[in-house]
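**Q** Dropping the structure in here first, questions after.
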Amino acid sequence: MNKRVTIEMPEEMHELLLKYAAEAGTEPNAYLLDIIEERLEDAYFLQRAEEAMERIEGGESKVISAEEFWRGLDD
């Protein structure tokens, strides 16, 4: 189920949205949804990376070399 969200943005930003959407050959709403989706994915993966770094720094996980990784797969 879709939800409607209304936002206010500066006129200059709205003009850029219209321009970039037109250049991409899509409607402004679809273009903005794509941008939001990409940003949410980036935030998700950044959070996962930060959690992995915390595990490494806390000694719960370790980093191995590519050579060691591939050597383990040969067994």
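The values are calculated or read from the model by the stated rules, or taken from the named source; none is laboratory data. Values in this document were obtained by computation on a predicted structure and should not be read as measured data. Neighbour counts are summed over all protein chains in view; Cβ atoms, including those assigned to glycine, are modelled from backbone coordinates with ideal geometry. Note: areas computed on protein heavy atoms with side chains; ligands, DNA, RNA excluded. Shrake-Rupley method; radii C 1.70, N 1.55, O 1.52, S 1.80 Å.
**Q** Please indicate, with yes or no, whether at least one residue in segment 1-8 is in a helix (DSSP H, G or I), open to solvent by 100 Å² or more (accessible area, probe 1.4 Å) and of a type outside the set (D, E, K, R).
**A** The answer is no; no qualifying residue exists.
**Q** Taking Leu73, is it free of Cβ contacts under 8 Å to residues at least 24 places away in the same chain and more than 24 Å from the chain's Cα centre (by Cα)?
**A** Here the answer is yes, as Leu73 does meet what is asked.
**Q** Sticking with this structure for a sec: I want to confirm something. Restricting to segment 18-75 and keeping residues that are more than 28 Å from Val5 (Cβ to Cβ) and polar (S, T, N, Q), which single residue is surrounded by the most Cβ atoms within 10 Å (Cβ to Cβ)?
**A** Of everything passing the filter in segment 18-75, Ser61 is surrounded by the most Cβ atoms within 10 Å (Cβ to Cβ).
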